Amino acid sequence: MRKLVAAGNWKMNTMLSSAGDLASALAGKVKQDDSIEVILCPPFPYLTTVKEKVSGSSIQVGAQNCYHEAEGAFTGETSVGMLQDVGCDWVILGHSERRHVMGETDGAINKKVVAALAKGLGVILCVGELLEERKADKTNEVLETQMKGGLSGVSADDLKNVIIAYEPVWAIGTGVTASTEEAESAHDFLRKWLTSNYNAESADSMRILYGGSVKPDNAEDLMSQRNVDGALVGGASLKADSFGGIIDAAQKLAKG
Ligand code: PEP
């Protein structure tokens, strides 16, 4: 049985006080519940504060990026060790904004994936197609390239510390959500890819989250699909009420 995940990607939003308030409100809601995993990914400067505010709850904290080198002359970058030092359990890698706004390639993403896993930091690896790629019927081809590229050199054992997030780019921040059929079909493809490229056991235990305009009113339908194991949430993770509604939906499904 795969444990559902509700992960919030705050992107470049919140300020110190609002980040703290949001984390406190969610910690008060989630408490020690461990029927699902809740992960908050605030901007770098607020990781420590968010970590403090969620202490005593079961909420985990993740970063939105990292660099593959351990230390040195890499101005503006943040190492895996630094993230672990401030209490991160996870790092989001390969988000579509990093790919399409910052120009990150599968090769660059893979170096980060390998560096994070080598130090035991969990990776939420995002994959997803552009609208024109979907229209050209290239969704599976794109997903395959991103999975192959992002996970190059990653062993089945290291895969235990990876969560995949399927995030169709056309659904991110647009208010347009993939239909349950579109989401399930992509997730099914990803799980089959994991079976063929790793093994059935790894594929069966891997969490594959859906991301793209998830809200409290569509979360339950999406997360109840057979191969959808939770949600990576952007906009709706910025308010305690809306992310709380998504957490409620996941807890309801987890508890049957
Ligand atoms: C995201 O940024 O990962 C995301 C899914 O954003 P949104 O929920 O706002 O579409």
Tell me, please, whether a residue that is farther than 25 Å from M206 by Cβ and in a helix (DSSP H, G or I) can be found in the range 61-81. yes
Scan the range 163-191 and report the pairs whose first residue is closer than 18 Å to A236 by Cα and whose second residue is in a helix (DSSP H, G or I) and among the charged types (D, E, K, R), with Cβ atoms within less than 7 Å and a gap of 6+ or a chain change. P168/R134; W170/R134
Could you tell me whether any residue of the range 226-248 is in contact (Cβ under 8 Å) with a residue 40 or more places away in the chain, more than 16 Å from the ligand (Cβ to nearest atom) and on the phi < 0 side of the Ramachandran plot? yes
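Any residue at all in the range 48-60 that's without any contact (Cβ under 8 Å) to a residue 40 or more places away in the chain and assigned to a strand (DSSP E or B)?
Taking the range 48-60 and keeping what is without any contact (Cβ under 8 Å) to a residue 40 or more places away in the chain, we get 48-60.
Narrowing further to those that are assigned to a strand (DSSP E or B): 60.
Yes, the range 48-60 contains at least one residue that is without any contact (Cβ under 8 Å) to a residue 40 or more places away in the chain and assigned to a strand (DSSP E or B).
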Test M102 against the stated conditions and say whether it is of a type in the set (A, V, I, L, M) and either farther than 21 Å from G234 by Cα or in a strand (DSSP E or B) (or both). no
Give all pairs with beta carbons closer than 6 Å in which a residue from the range 120-135 that is more than 15 Å from H68 (Cα to Cα) and within 16 Å of the ligand (Cβ to nearest atom) meets a residue that is among the polar types (S, T, N, Q) and not in a strand (DSSP E or B); count only pairs at least 6 apart in sequence or on separate chains. V127/Q146; G128/S96; E129/T139
Here is a check on your reading of the model: is V169 in contact with a strand residue (DSSP E or B) (Cβ under 9 Å, 6 or more places away or on another chain) and at pLDDT 95 or above? no
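The values are calculated or read from the model by the stated rules, or taken from the named source; none is laboratory data. Just so it is clear, the model here is predicted, and its values are computed rather than measured. Note: ideal-geometry Cβ built from the backbone for every residue, glycine included; neighbour counts use all protein chains shown.
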